Amino acid sequence: MDECSSLPPAGDPIALANPTLTGASQRAALINSVAGRRVLIVEDDLALAGFLRSELKGQSLIVDMVHDGEAALTALQDERPYDLLILDLNLPKLDGIHLLEQVKPAHPRLRMLVLTARSRVEDKVKALQSGADDCLTKPFSFSELVARVQVLLRRNSGVVPNCSKVGDLTLYREERRVERNGRRIDLTPREFAILEFMMRNPGRPVSRGTLLEEVWNMPADPSTNIVDVYIKYVRDKVDLPGETKLTHTIRGVGYELRDA
Amino acid sequence: MSSGMHSETQQESPVANGLGVGRFYADVAEGLHAIAQPLTILRSSVASLAAPGLTPVHLRRYLHISSQQVERACDLFDCLQDLVIANQVEAARAPFELGELLEAIAEDRKTRLEASGVKLKVVATGERQWMVGDFARTRQALLAAVRIAIAVSSPGDSVELLATSCNGLVEISVSNRLAHRRTLNSSEHLSLALAEANIRSQQGEFRSAEDPFRMSFALPLQDLDP
């Protein structure tokens, strides 16, 4: 994927000094800015993990949870990359610090937020030195967690370029514009979201279940063909007769966007 | 635990119970870690309850969550308090019957056992035997062990409560037959620490292992000779 230009970090960062979300419009704007991002919670306290998962889902995030360090390593092998890892330091099987040390080199773009009941400064320093982006001491309030999650996800979003290219197909995220070899392609918001996600994963097969989760924010459901229907809409607009085919069906898997 | 059974004699330090001060602080830290979990949920739930425009469904949900976590936090608080008491206040020293102790444990856990489908096998060797110690602390230690053993049980597992006597001592053990392949959480570690403090405060011997779970302790039998 060519990067046409870099998207500057999103402005108007949430001030951590005032983390309380007030105002429907502010809240909606915040939710929209991170909606559909994938978060993995690693917390051995089942009640707390379940509560955080439920509340973060309410923020339109896609949230998975595991309860030990080894399970976290396995979950991070998923073909769909996570945007944020929220982890406790006191983890069974693989301690949080060791998990951080293993994950950081393999997933340099993954943001990591450490939750700890250890208030000792050296624990936080160790976590930050091991690759954590931020630390939060329990008992924290959910509004503070959300504020920090928003900041980290926005910081991550700054790494995604405004413009992506696959072959002669170019997508401009900020302008929500798509062109192919100078030809403007009009897409509905849903079609744009599909293409945008596929252009973030060029040359990689993307399953129908993944598209359902990422674009529709719905759990994978083999009984629906909605993804196939929309892929056809996108394909009909992107690949005109006589042009090199960019959208490919991977039998038994899903779809892939690639140049030839 | 009923602290009213204890004499109010203050001990000099936790070291007097055979636990180092460092270990005592480590146990308290474990307890603080455990209590931070429900407090985090409570803090967030209460903030949500105060948010404007809360629907009745959400109101009920957050109230339910809050009430669960208040109970959990209170249980952990009691446990922490008992840990301090076990290290500060001298244990009672009175005769009690072993069978009565085992019966109390089985009765207390009956409902939980039935709900989880785990079998509790109680084996006591010998006739009616009288132990000497603090009934409340011993019962609490044994209950904690059985509670943990049930919590880590998997289908097909069983928990054995075995009491044997030898050389003027009763050794009581609680063990899982199968390995559970999970690490005990902060609450369970705190319970285990309290069990140990309760037994050591009676100058008893204490041992534990995590997987398969096993906790055992030894306390003296009453000397019936004149």
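The values are calculated or read from the model by the stated rules, or taken from the named source; none is laboratory data. The structure displayed is predicted, hence computed values, not measured ones. Heads up, the Cβs are rebuilt from the backbone with ideal geometry, glycines too, and the neighbour counts pull from every protein chain shown.
Quick check: is even one residue across segment B:52-61 β-branched (V, I, T) and surrounded by 15 or more Cβ atoms within 10 Å (Cβ to Cβ)? Let's see the steps before the verdict.
First pass over segment B:52-61, keeping only residues β-branched (V, I, T): B:55, B:57.
Filter once more, so that each one left must be surrounded by 15 or more Cβ atoms within 10 Å (Cβ to Cβ): none.
Checked against the condition, which is being β-branched (V, I, T) and surrounded by 15 or more Cβ atoms within 10 Å (Cβ to Cβ), segment B:52-61 yields no hits at all.
Checking B:Q88 against (1) of a type in the set (S, T, N, Q); (2) free of Cβ contacts under 8 Å to residues at least 24 places away in the same chain; (3) in contact with a strand residue (DSSP E or B) (Cβ under 9 Å, 6 or more places away or on another chain), which test does it fail?
Every condition holds for B:Q88 apart from (2).
For every residue, the table says whether it meets (1) part of a strand (DSSP E or B); (2) touching an Asp or Glu at 6+ places or on another chain (Cβ under 9 Å); (3) within 27 Å of B:F24 (Cβ to Cβ).
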| site | (1), (2), (3) |
| --- | --- |
| B:L39 | no, no, yes |
| B:S48 | no, yes, no |
| B:V57 | no, no, no |
| B:L63 | no, no, no |
| B:A73 | no, no, yes |
| B:F77 | no, no, yes |
| B:V84 | no, no, yes |
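Could you please let me know if B:Q68 is within 14 Å of chain A (Cβ to nearest Cβ), over 23 Å from B:S216 (Cβ atoms) and polar (S, T, N, Q)? Spell out how you get there, then give the answer.
Values: within 14 Å of chain A (Cβ to nearest Cβ): yes; over 23 Å from B:S216 (Cβ atoms): yes; polar (S, T, N, Q): yes.
It is true that B:Q68 is within 14 Å of chain A (Cβ to nearest Cβ), over 23 Å from B:S216 (Cβ atoms) and polar (S, T, N, Q).
Yes or no, residue by residue, for (1) out of contact with any helix residue (DSSP H, G or I) (no Cβ under 9 Å at 6 or more places or on another chain); (2) part of a helix (DSSP H, G or I); (3) touching a residue at least 40 places away in the same chain (Cβ under 8 Å); (4) not assigned by TED's automatic domain parsing to the domain that holds A:R80:
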residue	(1), (2), (3), (4)
A:L171	no, no, no, yes
A:E174	yes, no, yes, yes
A:R184	yes, no, no, yes
A:R190	no, yes, yes, yes
A:A193	no, yes, no, yes
A:F197	no, yes, no, yes
A:P202	yes, no, yes, yes
A:T210	no, yes, yes, yes
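Filtering segment A:31-45 down to residues that are surrounded by 22 or more Cβ atoms within 10 Å (Cβ to Cβ) and under 18 Å from A:R111 (Cβ atoms), which residue is modelled with the lowest pLDDT?
Checked segment A:31-45; the qualifying residue modelled with the lowest pLDDT is A:V34.
I'd like to know if segment A:108-119 contains one or more residues that are under 17 Å from the mean Cα position of the chain (by Cα), at pLDDT below 85 and either buried (at least 19 other Cβ atoms within 10 Å of the Cβ) or over 19 Å from A:G36 (Cα atoms) (or both).
Going residue by residue through segment A:108-119, those that are under 17 Å from the mean Cα position of the chain (by Cα) are A:108-113.
Among the residues that remain, those that are also at pLDDT below 85 are: A:108-109.
Restricting the remaining residues to those that are either buried (at least 19 other Cβ atoms within 10 Å of the Cβ) or over 19 Å from A:G36 (Cα atoms) (or both) gives A:108.
Within segment A:108-119, one or more residues are under 17 Å from the mean Cα position of the chain (by Cα), at pLDDT below 85 and either buried (at least 19 other Cβ atoms within 10 Å of the Cβ) or over 19 Å from A:G36 (Cα atoms) (or both).
Is at least one residue of segment A:182-194 farther than 20 Å from A:G36 by Cβ and surrounded by 14 or more Cβ atoms within 10 Å (Cβ to Cβ)?
Yes, segment A:182-194 has at least one match.
Any residue in segment B:28-47 that's more than 8 Å from chain A (Cβ to nearest Cβ): show its pairings with residues that are surrounded by fewer than 23 Cβ atoms within 10 Å (Cβ to Cβ) and among the acidic types (D, E) at Cβ separation under 9 Å, as long as the two are six or more apart or on different chains.
B:A34/B:E188
If you take the residues of segment A:124-169 that are in a helix (DSSP H, G or I) and in contact with a Cys (Cβ under 7 Å, 6 or more places away or on another chain), which of them is farthest from the other protein chains (Cβ to nearest Cβ)? Give the derivation first.
Kept after step one, since they are in a helix (DSSP H, G or I), are these residues of segment A:124-169: A:124-129, A:142-157.
Still in the list and also in contact with a Cys (Cβ under 7 Å, 6 or more places away or on another chain): A:124, A:127-128.
Numbers: A:K124: 15, A:A127: 15, A:L128: 20 Å.
By that ranking, first place goes to A:L128.
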